[in-house]
Amino acid sequence: MAVGMTTVIAFLLLLIFVMSLMAKYLPKGATHEPTPRSTRKQSKAGKEPSDDTVAAISAAVHAYRTQRKK
Amino acid sequence: MAVGMTTVIAFLLLLIFVMSLMAKYLPKGATHEPTPRSTRKQSKAGKEPSDDTVAAISAAVHAYRTQRKK
Amino acid sequence: MAVGMTTVIAFLLLLIFVMSLMAKYLPKGATHEPTPRSTRKQSKAGKEPSDDTVAAISAAVHAYRTQRKK
Amino acid sequence: MDKLTLLWQTTGLSAITIGQTAMIIVGGILLFLAIAKKFEPLLLLPIGFGAILANIPLAGLTEAGGVLYYVYKVGIDTGMFPLIIFMGVGALTDFGPLLANPKMMLLGGAAQFGIFATLFGAIALNVVPGIEFTMADAAAISIIGGADGPTAIFLASRLAPDLLGAIAVAAYSYMALVPIIQPPIMRLLTSESERQIKMKQLRPVGRREKIFFPLAVILLTLLLLPSATPLVGMFCLGNLMRESGVVERLTKTTQNDLINIVTIFLGLAVGSKLQAEEFLSFQTLGILVLGAIAFAIGTASGILMAKLMGKFSKDPINPLIGAAGVSAVPMAARVVNKVGLDSNQSNFLLMHAMGPNVAGVLGSAVAAGILLALV
Amino acid sequence: MDKLTLLWQTTGLSAITIGQTAMIIVGGILLFLAIAKKFEPLLLLPIGFGAILANIPLAGLTEAGGVLYYVYKVGIDTGMFPLIIFMGVGALTDFGPLLANPKMMLLGGAAQFGIFATLFGAIALNVVPGIEFTMADAAAISIIGGADGPTAIFLASRLAPDLLGAIAVAAYSYMALVPIIQPPIMRLLTSESERQIKMKQLRPVGRREKIFFPLAVILLTLLLLPSATPLVGMFCLGNLMRESGVVERLTKTTQNDLINIVTIFLGLAVGSKLQAEEFLSFQTLGILVLGAIAFAIGTASGILMAKLMGKFSKDPINPLIGAAGVSAVPMAARVVNKVGLDSNQSNFLLMHAMGPNVAGVLGSAVAAGILLALV
Amino acid sequence: MDKLTLLWQTTGLSAITIGQTAMIIVGGILLFLAIAKKFEPLLLLPIGFGAILANIPLAGLTEAGGVLYYVYKVGIDTGMFPLIIFMGVGALTDFGPLLANPKMMLLGGAAQFGIFATLFGAIALNVVPGIEFTMADAAAISIIGGADGPTAIFLASRLAPDLLGAIAVAAYSYMALVPIIQPPIMRLLTSESERQIKMKQLRPVGRREKIFFPLAVILLTLLLLPSATPLVGMFCLGNLMRESGVVERLTKTTQNDLINIVTIFLGLAVGSKLQAEEFLSFQTLGILVLGAIAFAIGTASGILMAKLMGKFSKDPINPLIGAAGVSAVPMAARVVNKVGLDSNQSNFLLMHAMGPNVAGVLGSAVAAGILLALV
Ligand code: NA
Ligand code: NA
Ligand code: NA
């Protein structure tokens, strides 16, 4: 048990380390992004609402409620 | 042959009996229906015209013809 | 190598011959084509509507036009 | 010169038999029926093409290692392809019209009489020299009268794999011929006034009834006819997915891509059984004749049962709808509608015929179970 | 008379055992949960129906030649079905929220503590008479705490095929019960003020990071934990297809029709393991209890780890998001969002909880690899 | 201490060989080409990922029971995957441009000269120490010159399974490199004025011609070249489904989900043959070199044949379109169009090049049949 849990955590720590490196050293390629993102959204359409959508809607609902109270 | 045919009929009679029971004792759930029915229609849309459609259209055609004769 | 290449060419020459025959002797089906072509187009958009539907819609369109003229 | 002889021996021309030539022509006829006549093209096109592929000399596509061999082994030998198709058919079937008028179930039962009558006929045909049908063969042939493709293929794969090609071709051909075979029988057995009978509008059916129906069917089947549970079970699973409304994405895939993929390979596998040695025999002729008889008897007994029921029913029953009991969904119901319209321009029987029509699917699956249990 | 006896012996009624009856009822309960309660219907509907089919007397659907036998052999015995599902899950997963805040990975790790704690629990349960779990059994059971269906099925198929039915049912049931099981634990372990903590908005993540992430994961896995590579590999393949943006048509099929087809048959195959002899035992009860414990411990350790991290972090961390570390994507993250909103009407934790949530999927796949290597 | 050693021995780091490391890098290069360079990503992405998975130490994914093992056994050992892809390609191919100008078929034939020239080359390469190609190996390698992925994989799986990985990678790589390999050859063999030649507009082709064409092809093939019927047959089936217009739903599934599903697993299975022991050898180098030569010769002979035909034709023929005869649909036709536009801004050769292009697909399938018959 101890071995297993330690291994999981050690492995994930390593992944965190690698992810930080990636965040630091990978060129962001901001110009490239728009196209794939839009394609991806389309492929999602028709399945469950993406979490962005859910988040956006929750935020909107909240904003609406706040406004109404005034 | 006799055995086979009798069995088929006996089995189906039993099914008829069960269906009648279901029709009698199952709550109709009228409020629940609209949603699933609409989903079902959507899933049908894009396949062959549902028989309701065919029936409705045939009726319309008939009405049209009747009118025209006048 | 020579055998292989010769066979390929011979086979394709034969195909060319058959294609020329087809082009010459197959009825072009100009009159026939519209219907199947139209079915194909419709059947692409959400599969084939029954002929009843087509008939009904034509009738409806006609009725509409007739009415409008009055 | 020697080399040329060798080359010649690798050609199909050098090895093709008359039987293979004949079967390739049969394949061509099936393609013609599928494409030019639109006879059940979804099945007859792959079957016809499969028949051509199966009869190619020297290629061995149906022998171990060949593409048709694998398709048959994986899909039909295991029974999986017809069962998956049946699940898809279940996902496409709306039992509403039957639930609105449960008595219609009897018509779907009566039309199976064609199956059991033909069972006798097939055994009787053994007196013809050159024809030798075992009990299992006879059962597999008689199911053609059920007018249901996957059921016929499933039963034939269990009871008489050698006859599978002929049986499947007969089943789909007669299903395609419904608009030609049934109307004369319908007109013969009904009077003009009977054909004009208008039926009461069907009540709407609640969602719960539709959900409980496949469950009731599988429960009764497992208690009384366990041998019918592979077919009936997959059918009910498909229908439950459809009616439950909670697994929309699975239902859609089952109704579309899954059933399409399996249909292509099922057709090829059936076609692979159209080999000269097996197909070109008196037996095939016998199967075709018996299938037509089974079909006609099924139609007739459906109509007669509808007439009988009409006598005892307080609501009027148009006897034509009995003909839809043979299954062949939805073609048979549409034919009923058309024949009805011929007699009365304002009589729309389509929805009334859908009840016996879907009952016929269940009826022939049940009959298949009985045949499996008895043989 | 004799004939009637024979006929009676072909019915299911004559042969059905009490165990089979009980299991058919269990199947019915699963269908009820799937349809009426919408508990993971995509899996529990086919599993429930499969349970009914598997317990039909005389039909032998799970014996050699039966439909469920083939489905199980082809899909689960080989491990292919859960692996294909995992590829589909990879194609559906967006690692953006995790890449924006890599520390969240730790929460997905901490929540796996439930797995390893239960491993001990399962071994300890051997003191109960009637329960006998080997080390392999215990490992397969403990993975329920990972709250990931395909991982649980894959591990069980490798280590304890006999328990697969119970383990899969437990895993999917508890995943469905997330909105009921987790909130009390979340409220118990956090104070009102902790639940109100607002977190900093996540930075946008570049496309390249998303492409390199699955590659980094598979590389680290193959170097350090090769036994986890079947699961992690297929998951990363699916995710790479998604993020690469160059194989859109493959990604779409993987996310839809492929995963749908496999889901139906995976469910049937799991259901086929719900046979009376195997399922109706004290062991199943033990599995259900252990699964619930594993799940609760996982939730708790995720929350506690989040509290610990909050102590050392310069950016505030709402401890609720630790509960999402158990996986059960996206249900667990939505529950976090809901509980957070209960305490603070303007605190939207959803995107913050998605990080630990997807980390939990990786975490349990890694844990499964460790169990495979150690057992 | 002992425990730590044991733990260490379960890591991939402890067991990885230099060969495996190299092959994982090769896999990475393929992924780079697929994602960053968009070289045939539909195939090279799964192949590259499969190469990584196949070289994971200790995981045994390609050994009996591993996921890649099953995928290869089921899909490539049987030949089914390339055949299904070929059916899909048939369903996607429009033979209209070829039917409008049948002579173009000769260009699709001439470009196969690359195949047969390479056959000699491969045999000749045996003089190089470390390279030992049998006749079967040589035939499988030479098919790379056909520039058709599924044909190459099918032939390699029949004749030289050990070389399949290298052959498939070479075939897809060169197909992706068409825009780089072909233009210099095209410019070298044609004069500016030849490249400016405008061709007569194509006549419209009737529906019946399109339906009869696949039937004519399969009939001629079965009579003359039965060994080519698996490939040509499946191709013609797909094309007949498309052109018949009566099985729209089957065609759509074949063109989309079926071909997508099979593509993913075909790629993985090909990748599984990129194992260090088999791939890292002089032979692979030889295969890559021979493939490039075959490709270049095919391109050249297509162009030269077009020039020759232009001499005897009353309608002008732009020799560039001969380069499209190598197949690599539709890339090669697009390259022809582009090179043509470079010389004459208003000369659109795309539709004219599609004729030889689709002829090239048939041509290489026929050549594969000849190789199967002769070897
Ligand atoms: Na029937
Ligand atoms: Na987890
Ligand atoms: Na080619």
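A few comments on the model shown:
- Relative protection proxy for D:84-95, F:143-154, from highest mean packing down: F:143-154, D:84-95 (other beta-carbon atoms within 10 angstrom).
- For the segment D:50-61, counting C-beta atoms of other chains within 10 Å of every residue's C-beta and taking the mean gives 5.
- Along its first, second and third principal axes, ordered by size, chain D spans 85, 47, 40 Å in Cα coordinates.
- The packing ranking, built from the mean of other Cβ atoms within 10 Å per residue, places the peptides D:237-244, E:280-287, B:17-24, D:114-121 in the order D:237-244, D:114-121, E:280-287, B:17-24, highest first.
- Principal semi-axes in Å for segment E:1-147 [√(5λ), Cα gyration tensor, largest first]: 39, 21, 15
- Å³ per residue enclosed by the Cα convex hull of segment E:89-223: 154
- Projecting 7 Å from Cα along the Cα-to-Cβ direction, the label point of A:SER20 sits 7.7, 7.7 nm from its equivalents in the other copies, listed shortest first.
- Lys pairs, chain D - Cα-Cα below 17 angstrom, 8 or more residues apart or on other chains: 14
- Folded to 0 to 90 degrees: helix E:178-189 orientation relative to chain E principal axis, Cα: 40
- Top of D:GLY302, D:GLY291, D:GLY60 by mean-square fluctuation, Gaussian network on chain D, Cα under 10 Å: D:GLY60
- For segment F:1-158, a crude dipole built from +1 on the beta carbon of Lys and Arg and -1 on the beta carbon of Asp and Glu, taken about the Cα centre, is about 220 debye to the nearest 20.
- Remark: label point of D:ILE180 defined 7 Å out from Cα along the Cα-Cβ vector; separations to the same position in other copies 6.0, 6.0 nm, ascending.
- Highest-MSF residue in chain E out of E:ALA54, E:ALA294, E:ALA124 [GNM, Cα springs under 10 Å]: E:ALA124
- Each residue of segment E:132-145 was assigned a 3J(HN,Hα) from its phi angle through the Karplus curve 6.51 cos²θ - 1.76 cosθ + 1.60 (θ = phi - 60°); the sequence is 9, 9, 6, 4, 4, 4, 4, 4, 5, 5, 4, 5, 3, x Hz, with glycine and proline shown as x.
- Helical contribution to [θ] at 222 nm, DSSP H n ≥ 4, -39,500 (n - 2.57), averaged over chain E, rounded to 500: -21500 deg cm²/dmol
- 10 Å Cβ neighbours from other chains, averaged over peptide F:224-236: 6
- Extents of segment F:220-375, taken as max minus min of Cα coordinates on every principal axis and listed largest first, are 50, 50, 35 Å.
- Whole-Å distance, taken between Cα centres, linking segment D:60-93 and segment E:1-62: 26
- Within a Gaussian network of chain F (alpha carbon springs, distance under 10 Å), most fluctuating of F:ALA34, F:ALA300, F:ALA156: F:ALA34
- For peptides D:345-351, D:61-67, sequence by mean Cβ density within 10 Å, most packed first: D:345-351, D:61-67
- Projecting the Cα atoms of F:LEU372, F:PHE154, F:ALA300 onto the charge dipole of chain F, computed from C-beta unit charges around the Cα centre, puts F:ALA300 farthest toward the positive end.
- Closest approach of any chain E Cβ to the axis that rotates E onto F belongs to E:ASP257, 3, distance given in whole Å.
- Crossing angle, helix D:80-92 versus chain D [Cα axis fit, 0-90 degrees, rounded to tens]: 30
- The protein assembly as shown shape via C-alpha gyration tensor axes, a/c threshold 1.5: oblate
- Calculated over segment D:159-218, the projected area of the Cα convex hull averaged across directions stands at 8.0 nm².
- Inter-chain shielding of E:259-266 (mean C-beta neighbours from other protein chains, 10 Å cut-off): 5
- Working from Cα pairs under 8 Å separated by at least six residues, relative contact order for chain D is 30 percent.
- Acute angle (nearest 10 degrees) that the helix D:282-312 long axis makes with the longest principal axis of chain D, alpha-carbon atoms: 0
- Label 7 Å beyond Cα on the Cβ vector: D:PRO204 copy-to-copy distances, nm: 4.9, 4.9
Since every read-out is calculated from the coordinates, none of them should be taken as a lab result. Quick caveat, the model's predicted, so the values are computed rather than measured. Cβ atoms come from the backbone with ideal geometry, glycine included; neighbour counts cover every protein chain shown.
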